[in-house]
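The values are calculated or read from the model by the stated rules, or taken from the named source; none is laboratory data. Given the structure is predicted, the values throughout are model-derived calculations rather than measurements. Backbone-built Cβ (ideal geometry, glycine too); neighbour counts: all protein chains shown.
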Amino acid sequence: MKQFIRKSGTALALIAVSILGTVLYMNYIEDKEAKTYVETYTQLGGSQIVNEMTESYSQIMEQYSNYKLNRDTKKKIVDRLQLLTKKLQQVENQLNTKTESQKLDFAYLYQDAKLVSLSLSDPTKDDIVPVVVLHASEGVGEWKKQIVNMEQGD
């Protein structure tokens, strides 16, 4: 009976060590993939594009608060946001062809940029511009937090 318990205990310990090793290895691989994904995203210029979007949002708020957000300025910013969105879509397409699984959801960055562009394009929505831009800025902030978390392996 004691021999059976020893053999069973040894087998269970071996199984537990194997499971633990497998889990630790899988976590290591996931962390490495996430870091590689973020590095590729940065190399493709994704972080620079998102920073430029942030600058555009800051420019909108500055222009709005100084009462300098005129029709020409709005048009330039909308064109810039559309260009940045296209560039970001190219980065996303290249990123997702290089990696097996998509780790980041770019859709809400596109949606926020579109909402900002729509609010700037419609003169009847001038009163909601700051709210929409603030929302978009917060979205970019959350995006950057997600990138940092992936880099740190959280």
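Residues to consider are THR73, THR85, THR99; find the one that is at pLDDT 95 or above and in the same structural domain as ILE49 (by TED's automatic domain parsing).
Matching residue, one of THR73, THR85, THR99: THR85.
Somewhere in region 101-121, is a residue within 27 Å of ILE29 (Cα to Cα) and of a type in the set (A, V, I, L, M)? Looking through region 101-121, at least one residue is within 27 Å of ILE29 (Cα to Cα) and of a type in the set (A, V, I, L, M). A single member of LEU44, LEU134, LEU118 is in contact with a helix residue (DSSP H, G or I) (Cβ under 6 Å, 6 or more places away or on another chain) and of a type outside the set (Lys, Arg), and it is LEU44. The sole residue among GLU92, GLU52 that is surrounded by 14 or more Cβ atoms within 10 Å (Cβ to Cβ), under 27 Å from SER119 (Cα atoms) and out of contact with any Leu (no Cβ under 7 Å at 6 or more places or on another chain) is GLU92.
When the residues of region 95-109 are narrowed to those that are within 20 Å of VAL133 (Cα to Cα) and free of Cβ contacts under 8 Å to residues at least 12 places away in the same chain, which ends up surrounded by the fewest Cβ atoms within 10 Å (Cβ to Cβ)? Write out each step before concluding.
From region 95-109, those within 20 Å of VAL133 (Cα to Cα) are 105-109; that's our starting set.
With the extra rule that they be free of Cβ contacts under 8 Å to residues at least 12 places away in the same chain, the set shrinks to 105, 107.
On the way: ASP105: 11, ALA107: 9.
In this case the residue turns out to be ALA107.
Between LEU120, LEU83, the distinction of being over 14 Å from the mean Cα position of the chain (by Cα), in contact (Cβ under 8 Å) with a residue 60 or more places away in the chain, over 25 Å from GLY153 (Cα atoms) and in a helix (DSSP H, G or I) belongs to LEU120 only.
Out of VAL116, VAL50, VAL23, VAL38, one residue alone is among the β-branched types (Val, Ile, Thr) and modelled with pLDDT under 85. It is VAL23. Being surrounded by 12 or more Cβ atoms within 10 Å (Cβ to Cβ) and closer than 15 Å to GLU55 by Cβ is a property that ASP112 has.
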